[in-house]
Structures are given as structure tokens and as C-alpha cells.
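Taking it in order: structure first as C-alpha cells, then the write-up.
The values are calculated or read from the model by the stated rules, or taken from the named source; none is laboratory data. Please read these numbers as outputs of a predicted model, since none were measured by experiment. Cβ placement follows ideal geometry from the backbone for every residue including glycine, while neighbour counts extend to all protein chains displayed.
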Amino acid sequence: MGMDRKIEKKKWPIWKIGTYIGLGTLVIVLLSNIYAKSGVSRLNVASERLLTDTIHTDVFKEYITIFGRVEPLKTVYIYKQYF
């Protein structure tokens, strides 16, 4: 027969396959849970504590009157000399 012999491909044991499937499922569940809760803000309030009113459309005007004096930090004078 000689020195050459056929090396049979090893099969994965069932515990290894189960471990990878379990870890993969856990990662998928955790990521989907994080994705489902991202960007969602919830606040549970009793309906008796809520106040509602009618909304009216109008122009919103807000004015703040300020009295003061504006001065520059630096003043530069430019002049031209005639020779």
C-alpha cells in the first residue's frame, strides 16, 4: 500500500454546532432588542393628569427690548496722503 493514506474530513461534534447556533441566536435577539428600543422614548402618565386644549394657528411674535451702546473693539482710520 505505501505511505499515502486518505485523511478523512472531521465532522463537527453536535455540541459545537449547538453552541454556535445558541450564540448566534443570542446575538440576534440582543441586537434586535437594542434596535427595537433605540430612538423610542416612553413615559406612562395617568390620563386624569393630562390637560388638553384647542390649538390655534397665528403668527408668533417675541420681542426683547434692549437698550445699550455698541462700540467696536478696534477702530482703524484709513487716510490718503497727497504728495
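Here are the criteria: (1) surrounded by 10 or more Cβ atoms within 10 Å (Cβ to Cβ); (2) of a type in the set (Gly, Ala, Ser); (3) within 26 Å of the chain's Cα centre (by Cα). Tell me which single one residue 18 does not satisfy. Result: residue 18 passes all but (3).
Might you let me know whether segment 64-72 holds any residue that is within 34 Å of the chain's Cα centre (by Cα), assigned to a loop (DSSP other than H, G, I, E, B) and not hydroxyl-bearing (Ser, Thr, Tyr)?
no
Reported count of residues in segment 21-46, each being loosely packed, with under 10 Cβ neighbours inside 10 Å, part of a helix (DSSP H, G or I) and at pLDDT 90 or above, is 0.
If you go through segment 1-15 and pick out every residue that is under 41 Å from the mean Cα position of the chain (by Cα) and either surrounded by 10 or more Cβ atoms within 10 Å (Cβ to Cβ) or in a loop (DSSP other than H, G, I, E, B) (or both), you end up with 1.
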